[in-house]
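Encoded as structure tokens, the structure appears first; notes follow it.
Each reported figure results from applying straightforward, stated rules to the coordinates on display, with no laboratory input. Nothing here was measured: the structure is a model prediction, and the numbers come from that model. All Cβ positions, glycine included, derive from the backbone under ideal geometry; neighbour counts span all protein chains shown.
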Ligand code: P6P
């Protein structure tokens, strides 16, 4: 059997072959990957270790927190505080940033993450994942306290991004700007081993992912676009489409990175929901980075997600991403609306 490359070997090669990878960034990725192993193990134990169910508290999003949301958030905090690679962290589950304690060395990077994406799936044994995004701390932060403004960088500034998906297999999907790679967890060895190189999204697809229950709240071009997919061979697209919706962005995105597809969480016409549901800094940006690195597209209905200038740490963003032919088609329909 061929000996598979471990994550550590991959990262060492990235330092040599593609582009210099600073030691702190390599340590950061290995620490986050190790934390995802722990989270995956904790998720897998489920009811056995009493980690299912909700807490009697809400996060900054106003969502009831699951026990695993908080447990996983703390796993990532504790794993990343000591290494000297971070200046600060931020998370979907924390109101504001978490600075590195003064007693510990600070590093050059900012880590932003969603510790458990797809929380509503936890108690029903559905797909969940962890999403992470890595930014450089702006110059000068070594001599002062990090502020939320330091995090508010457009997604194109990310130096690394990825997710862990806790499904039938536990898989870490990573980009450092040189393509998208997947590492499967070898539980016997306890190692992440490279199982897919340079994942690529086909331009054409017959599959879409959207929560149809929100259909009446979308703008007209989006309703018309989805209506065309639903019409199949009887409609203007002249072919049938299939729909999937996993209730976890990581699950739907992993399918798209594996075989193609288009994922939508559109803008909503209801007051306060103009930017949809998903968050820019720790869902939209890291996933958009992966999608573009795999040859797909990711936009918010008016511009490339990675070009959005963030205004708030927890701001939301409409999302259309995946196979470029479909993203382009909806883009044109939305522009026609603007032009009309
Ligand atoms: P809905 C999970 O809560 C999440 O943030 C994404 O992972 C997922 O794609 C979406 O929300 C599901 O939203 O409205 O279908 O429950």
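With r defined as the distance between the Cβ atoms of residue 169 and residue 230 and R0 fixed at 30 Å, what FRET efficiency is calculated, to the nearest 0.05?
Details: r = 32 Å, r/R0 = 1.06.
Between residue 169 and residue 230 the formula returns 0.40.
For the range 7-196, give the share of DSSP beta bridges that are antiparallel, in percent and rounded to the nearest 5; count only bridges with both residues there.
Details: 34 of 39 bridges.
Bridges in the range 7-196 that DSSP calls antiparallel: roughly 85 percent.
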- Item | residue 149 versus residue 64: modelled label distance in nm, points set 7 Å from Cα along the beta carbon direction | 3.9 nm
- Item | Cα long-axis angle, helix 324-339 against the chain (0 to 90 degrees, to the nearest 10) | 60 degrees
- Query: Using the alpha-carbon atoms, what tilt in degrees (0 to 90, nearest 10) does helix 7-16 show relative to the longest principal axis of the chain?
  - Reply: 90 degrees
- Between residue 56 and residue 123, with labels modelled 7 Å along Cα→Cβ, what's the label distance in nm to one decimal, could you check? 1.5 nm
- Relative to the first principal axis of the alpha-carbon coordinates of the chain, what is the inclination of helix 249-259, with its axis defined by its Cα atoms, in degrees from 0 to 90 and to the nearest 10? 70 degrees
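Please give the contour-minus-distance gain from residue 104 to residue 23: 0.36 nm per residue of separation, less the Cα-Cα distance, rounded to one decimal in nm.
On the way: separation 81, 0.36 × 81 = 29.16 nm, distance 1.77 nm.
Full extension of this stretch gives 27.4 nm more.
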- Ascending count of other beta-carbon atoms within 10 Å, so fewest first, for 113, 166, 181: 181, 166, 113
- How long are the three semi-axes of the equivalent ellipsoid for the range 207-339, computed from the Cα gyration tensor as the root of 5 times each eigenvalue, in whole Å, largest first? 22, 18, 14
- Expected sort for 119, 133, 196 with the fewest Cβ neighbours (10 Å cutoff) up front is 196, 119, 133
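Between residue 217 and residue 325, what FRET efficiency follows from the Cβ-Cβ distance if R0 is 30 Å, with the result rounded to 0.05?
Working: r = 26 Å, r/R0 = 0.85.
Efficiency at R0 = 30 Å is approximately 0.75.
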- Item | Average Cα contact separation per residue, the range 7-196, under 8 Å, 6 or more apart, as relative contact order % | 15 percent
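Report the relative contact order of the range 184-340, percent, no decimals, based on alpha-carbon pairs under 8 angstrom and at least 6 residues apart. Display every interim value, and only then the final one.
On the way: 271 pairs, mean separation 43.4, N = 157.
The normalised contact order for the range 184-340 reaches 28 percent.
Set the Förster distance to 25 Å, then compute FRET efficiency between residue 187 and residue 242 from the Cβ-Cβ distance, nearest 0.05. Could the numbers behind the result be given before it?
Details: r = 32 Å, r/R0 = 1.28.
Rounded to the nearest 0.05, the efficiency is 0.20.
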